[in-house]
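The next block holds one structure in the form of structure tokens; read it before the comments.
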Amino acid sequence: MTGDPTHRPNEIDRQLTDPEFFASGGHHDLFRRLRADEPVRWTNGSAARPFWSVSRHADCVHILRDPHTFSSRLGGLLPLSAEEPDEHQLIAGGYGSIPTHTDPPHHMTLRRPFNKFFSAPTLAPMLGRVQACVDRIMDEILPRGECDLVDDVAAQLPTRIVCEMMGVPQQDQARIRHYCAAFMGAQDPVYQIDGDPLKTQQTNMRALFDYMFELAMRRRGTPTDDFTSVIGNLEIDGEKLSERDVGWWCFSIVAAGLETTRDTVSVGMLELLNQPAEMARLRAEPELMNLAIDEIVRWVNPAMHKFRIATRDVELGGKTIRKGDWVVAWLVSANRDEEAFDEPYRFDVGRKPNAHLGFGVGEHSCIGRHLARMEMQAMITALIERTPDMALAGECEWLVSNKHTVLKHMPVRFTPRPRMAA
């Protein structure tokens, strides 16, 4: 172990490594203090091993833009185990194949062929499909006058859109959604298998991979009209992707596609309900919606942090990070940094400029951000236009996690309305 061997755990370290503390919402005040007093902090708490906590926007950007110094070889989120994976574990865990688990130049070799499929112009024809899906969801909930905004609305849109895009049959979509929620929310007891977060994460990752791999292999050589077929039959320099890379690419698109949109729509709507003046402003000025989506992403921070491993000794924020040290760039702090945003604790649907890190920056920026924005904009627009009297109908429940900002449940009520005519 490198870093500061003399550092003894204290309350700050305990809080930074306690998923329950993040679920309580106290982390924003903590990060405000850290940005001012100790923006690069050796953190020796209850995580798998100690790490550097980086809390300022500029330092987080520096880390994300330097993949040669700050490696992603063990993934983009703080590992649940301190053990270095052996060869079998590397293969089983998708290391070297999942885009978030690779470094340059291999990362861009994997990613470059897919960039064109997720560009804004390529995705533009998806708007009609997304809007039709939003309309169906609204027609399902409006007659009821109440719903769980997470399960019945925010989770439904990306699940249906991404699963349809990937060719996942409707009868399997709930299962796919559970796999994604469970492995990304493995710190929360509600998902845990035998009370073990690591076992929970690995079991559900493997289940999702196996499902998508089998689907992709059926599409290889006998393609249908879905993106799994595209991946399964994609050629790079005249050679098809390896079967392993095909499986992990399909896994990655489903996993990332289902979670970010769900979390941003649900938490964004919660903040709009808590800020009725901003809700009214957005309803009166719909042209602000593009800016509002960026502000919602900044505010929500769907991924609280990005994890990296130092490949060399480097100075950052007056501290020496040693080769092999774990480094956590806290995006949830960077997106409230007083040096990067005017009045960062004010929710402003017209905020401009807005250099948030919600979609990342650099090589590992979110490949699906254009589709996610399209879904968020369509869903939030429909909610604020078609449920003008929406109000909370009970307590919200947050995921226990220091990795993702997730509402598990958000009960709401509104005036019932009949279904729209077909």
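All of the numbers you see were taken from the coordinates with simple rules; none came from a lab. Model, not experiment: these values are computed from the prediction. We place every Cβ from the backbone using ideal geometry, glycine too, and count neighbours over all the protein chains shown.
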* Work out the charge dipole of the chain with +1 on the Cβ of Lys and Arg and -1 on the Cβ of Asp and Glu about the Cα centre, then indicate which of Gly268, Ala393, Asn290 is farthest towards its positive end. => Asn290
* Among Met184, Met279, Met269, residue whose mean-square fluctuation peaks in a GNM of the chain (springs only between Cα atoms under 10 Å) -> Met279
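In debye to the nearest 20, how big a dipole does region 62-146 give about its Cα centre with +1 on each Lys and Arg Cβ and -1 on each Asp and Glu Cβ?
Details: 8 positive and 10 negative charges, 106 e Å.
In total the dipole reaches around 500 debye.
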* Could you tell me whether region 336-406 comes out rounded, prolate or oblate from its Cα gyration tensor? Rule is a ≥ b ≥ c as square roots of the eigenvalues, rounded for a/c under 1.5, then prolate if a/b exceeds b/c, otherwise oblate. => rounded
* Of Leu74, Thr17, Gln170, which is farthest along the charge dipole of the chain in the positive direction, counting Lys and Arg as +1 and Asp and Glu as -1 at C-beta? -> Gln170
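Taking the Cα centre of region 1-158 as origin, work out the dipole magnitude from +1 charges on Lys and Arg Cβ and -1 charges on Asp and Glu Cβ, in debye rounded to 20.
Numbers: 16 positive and 22 negative charges, 147 e Å.
Roughly 700 debye for region 1-158.
Could you grab the relative contact order for the chain? Cα pairs under 8 Å, six or more apart, rounded to a whole percent. Show your work: numbers first, answer last.
Values: 697 pairs, mean separation 111.4, N = 422.
26 percent.
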* Find the Cα radius of gyration of region 1-145, compare it with 2.2 N^0.38 Å by division, and give the number to two decimals. => 1.43
* **Cα pair distances exceeding 37 angstrom across the chain, given as percent** => 22
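Between their Cα atoms, which of Lys116/Lys408; Lys116/Lys199; Lys199/Lys306; Lys306/Lys408; Lys352/Lys403 are more than 25 Å away from each other?
Violating the 25 Å Cα-Cα cut-off are Lys116/Lys408; Lys116/Lys199; Lys352/Lys403.
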* Calculate, in whole percent, how much of the Cα-Cα pair population of region 197-325 lies beyond 27 Å. => 53
* Which residue, chosen from Trp330, Met108, Met410, occupies the Cα position most advanced towards the positive end of the dipole of the chain, where the dipole is computed from +1 (Lys, Arg) and -1 (Asp, Glu) charges on Cβ about the Cα centre? -> Met108
* **Charge dipole magnitude, Cβ of K and R +1, D and E -1 - the chain, Cα centre, debye nearest 20** => 480
* Among 186-193, 338-345, how do they line up from the highest to the lowest mean number of other beta-carbon atoms within 10 Å? -> 186-193, 338-345
